[in-house]
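The values are calculated or read from the model by the stated rules, or taken from the named source; none is laboratory data. Predicted model only: the values in this text are computed from it and were never measured. Note that we place each Cβ from the backbone using ideal geometry, even for glycine, and neighbour counts take in every protein chain shown. Surface accessibility is based on the protein's heavy atoms, side chains included, excluding ligands, DNA and RNA. Shrake-Rupley method; radii C 1.70, N 1.55, O 1.52, S 1.80 Å.
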Amino acid sequence: MSEHTQVEMTEMKYGKDRPEAKHKLKIEDLSLRDGHQSLFATRGRTEDMIPVAERMDEIGFWAVEVWGGATFDTMHRFLGEDPWQRLRTLKRYFKKTPFSMLLRGQNLVGYRNYADDVAKLFVKKTVDNGMEIFRTFDALNDYRNFETVVPVIKECGAHFQGCICYSLTEPRIGGNVYTLEYYIKKAKELEAMGADSICIKDMAGLMAPYDAYKLVKALKDNVKPLIHLHSHATSGMSPMTHFKAIEAGVDIIDTCLTPYAYKTSHAALEPFVMSLLGTNRDTGFDINSLAEINEILEKEVLPKYKHLLDDTKVSVIDINVLLHQTPGGMLSNLVNQLRDMDALDRMDEVLKELPRVRKELGQIPLVTPTSQIVGIQTVNNVLFDTPDERYKMVTAQVKDLCYGLYGKTSVPIDPEVQKKALKGYERGEEPITCRPAEVLEPELEKAKKEIGDLAMDDEDLILYALFPVTGKKFLMQKYGKEQVPESVKPITLEDVKKQNLIIEKAKKGELVEKLKLENLPEKSEYARKFNVFIEGEYFEVGVDEVGGAPVITYANAANAVAPVVPVAPVAQAASVQPAAPVPSAPKPKPAPVAKEDPAPAASAGIPVKAPMPGMVIKYEKNVGDTVNEGETVVVIEAMKMENALPAPASGVIKAVNYNSGDSVAKGVVLAVIE
């Protein structure tokens, strides 16, 4: 055995009933959470997990990750699904395999620290609904943010897995912040808190293979809990990194089933299963059973999500992450934000500014929510700063970070940036040093009063407490008080086939662009409908009498066979362009429409415009209120970060043009001051 391996060769056996390996490698499957979160923005639906759930339960996974992270937000906001119901539903199919979730410490499944009363109830209800393993992390590796949730996890008899967010300041492990000693110290802190296992969370795929060997070996030598490696495939190093970790004695690794693997997701499971046959680290999994699951996913599930995959690059890895250390999800968010703001050409400036902002904000690891905090502030700096002034538009979350509301940063925040961010900050201009949640008022009673009878149980109450704007909108839809929008409804395989047929016809040039008619006359109440047949096709035609002569006011391809109706010669006829027969396509599922300016009159006075597309969170000033220059008028959310928009001048609010929850486009007038 060489210095660099704890893998021993054993008798080669292939059968599914082969003897269990001496040091069996445990596997957690991430397909049903981080897999689809990484590849198609967490849009995986519960109904598409059910077809493989029972088969996955038979594989022998140490755990399956099914919840947490972005799922809670995305499910109620974009899929029209109750997050709690997913847990209850999947639990009926997984009888043997424990459930795992990603818990963001005191952030829970949101983007800020919540009060202790919310955190405690959230953990308790999550266990009640079937959760068994809590993978718990804090974006700053400040474990004071675990002090509320961990005791509840333990009291409920669940498994506490403590995470260390892996970060670098140099291309490889080392430097003056994220050293080997730093990670050993953090592991010992987690062990002292009662961690049942410790996860190294490499969210950007930055961990190099030999660094993994060195780190895993050091942790195995210094702490007793199981060591678990989580490393994204973004940079391409992940499979090699996992193998060196296996050789160093790692207990558990994260993988995905092949259809959910690679790119910004994780290494595929199946190559590990085959590679470790005949060794003391054999997983014991049956490769044929995995192949059957993959076949179902490829044929019955993934076609519905193919349109959501990022096809802007041919490469399945992104070596840029090795250069700028930006996680794949964070990078795609930056691209989307710049595109929405018509500033995609400034991406290079953003990537140049990003390390500077990260350093000024305390050299923090880039993982939710800190990746969003650093990313959005970087974009704001590039787009709104002037040569004389930086940090002209500071997000609410950067102010919270500078105040200490997220915890203690790895190195101190730049004092000048901190001073500017906290100028006029509502909680005070002096940063706190205590556990962040100690300064937060209880939230549950306030939430109960606000949501009232709309919350039918504790689960509904928690949903509203975590996401007041989108949560309330979902509950209105859940209980039939508002119509469920088309944009959140699922598509079927039949829809996919129809869409593919249209795409094929377009490639062959068999689709004809619909003729756009301009300056059409108004249709009167006397307009009549006729079917007109032309060379084997027919059109529904509206005929209207104008000045004694019928005029065709519209021409649409009809969908059903109808009898021929003779049409008298017309004095004026619109040109009709017959199109090739096209299969009936599924109705599009439009994204929430960003509203344009509601009325031209709103432009009178001094406008408060949206500097970026986003969603209105709340108005701090209403019609008739007096406002001073620089005071916050409205708060909008962009890329999950809040931006307080100040009054450009003093005066009185004349108009408020939107409501809480409205999506707005860049440049629209949100309010008017006179």
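Ordered by solvent-accessible area of protein heavy atoms (1.4 Å probe), largest first, the residues Lys359, Lys91 come out as Lys359, Lys91.
Judged by the gyration tensor of its Cα atoms, with axes a ≥ b ≥ c, the chain is oblate; a/c meets the 1.5 cut and b/c is at least as large as a/b.
The trypsin sites (Lys or Arg not before Pro) of the range 387-490 meeting both criteria, a DSSP state outside H, G, I, E and B (loop) and at most 11 other C-beta atoms within 10 angstrom of the site's C-beta, are Lys423, Lys481. Let me make sure I get this right: for the range 173-297, a, b and c are the square roots of the gyration tensor eigenvalues over alpha carbons, sorted descending. Under 1.5 in a/c it's rounded, otherwise prolate if a/b > b/c, else oblate. Which is it? Prolate, since a/c reaches 1.5 and a/b exceeds b/c.
Asp385 contributes about 40 Å² of solvent-accessible surface, heavy atoms of the protein only, 1.4 Å probe.
Relative contact order of the range 61-156, taken over Cα pairs closer than 8 Å and 6 or more residues apart, is 30 percent. Taking all Cα pairs closer than 8 Å and separated by 6 or more residues, the relative contact order of the chain comes to 12 percent.
Model label sites at Phe384 and Ser289, defined 7 Å from Cα along the beta-carbon direction, differ in position by 5.4 nm. Of the residues Val469, Val273, the one with the largest accessible area comes first in the ranking Val469, Val273, computed with a 1.4 Å probe on protein heavy atoms.
Taking the range 216-231 and a reference point 7 angstrom along Cα→Cβ of Glu191, the backbone N atoms nearer than 14 Å belong to 216-228. The calculated pair-distance distribution of the range 251-342 uses every alpha carbon pair, bins of 10 angstrom beginning at 0, and gives 13, 35, 30, 18, 4, 1 percent. The angle separating the long axis of helix 493-507 from the principal Cα axis of greatest extent in the chain is about 70 degrees. Between the helical axis of 287-296 and the longest alpha-carbon principal axis of the chain there is an angle of about 20 degrees. On the range 1-88, 47 percent of the accessible area sits on carbon and sulfur atoms, based on a 1.4 Å probe.
Think of the chain as having a plus end and a minus end, set by charges on the Cβ of Lys, Arg, Asp and Glu; of Leu405, Ile317, Pro442, Ile317 sits farthest toward the positive end of this dipole. Convex hull volume per residue, computed on the Cα atoms of the range 299-427, equals 149 Å³.
Taking label positions 7 Å along the Cα-Cβ direction at both Glu8 and Lys91, the computed distance is 4.1 nm, reported to one decimal. Extending 7 Å from Cα along the Cβ direction at Val484 and again at Lys618 yields two label points whose distance is 3.0 nm.
Quotient of the Cα radius of gyration of the range 368-471 and 2.2 N^0.38 Å, N being its number of residues: 1.31. Net charge of the neighbourhood of Ile432, taken over other residues with C-beta under 13 Å away and scored Lys/Arg +1, Asp/Glu -1, is 0. The packing ranking, built from the mean of other Cβ atoms within 10 Å per residue, places the peptides 23-30, 625-632 in the order 23-30, 625-632, highest first.
Highest mean packing first, where packing is the average number of other Cβ atoms within 10 Å per residue, the peptides 645-656, 56-67, 433-444, 98-109 line up as 98-109, 56-67, 645-656, 433-444. Count Lys and Arg as plus one, Asp and Glu as minus one, and take only other residues whose Cβ is under 9 Å from that of Ile617; the net charge is then -1. Give me the angle, in degrees from 0 to 90, between the Cα long axis of helix 116-128 and the longest principal axis of the Cα atoms of the chain, rounded to the nearest 10. Approximately 90 degrees, to the nearest ten. Here the 3J(HN,Hα) profile of the range 452-469, calculated from phi with Karplus coefficients 6.51, -1.76 and 1.60 at θ = phi - 60°, is x, 6, 5, 8, 8, 7, 4, 5, 5, 4, 5, 4, 5, 4, 6, 9, x, 6 Hz, Gly and Pro shown as x.
Each helix, a run of at least 4 DSSP H residues, gives -39500 (n - 2.57); summed and divided by the residues of the chain, these come to -9000 deg cm²/dmol at 222 nm.
When you count the other C-beta atoms within 10 angstrom of each residue and take the mean per peptide, 5-15, 606-616 line up highest first as 606-616, 5-15. Rounded to 0.05, the FRET efficiency of the Glu522 and Leu323 pair, given R0 = 60 Å and the Cβ-Cβ distance, is 0.50. Scanning residues 5 or more positions from Gly68 or on other chains, those with amide H under 5 Å from its amide H are Leu102, with H placed 1.01 Å from N in the peptide plane. Taking amide H positions as modeled 1.01 Å from N, with prolines and chain starts lacking one, the residues under 5 Å from Val633 and 5 or more places away or on another chain are Leu645, Ala647. Looking at the chain alone, DSSP beta bridges between its own residues are antiparallel in about 55 percent of cases. Anisotropy class assigned to the range 406-517 is oblate, per the alpha carbon gyration tensor with a/c at or over the 1.5 cut-off and a/b no larger than b/c.
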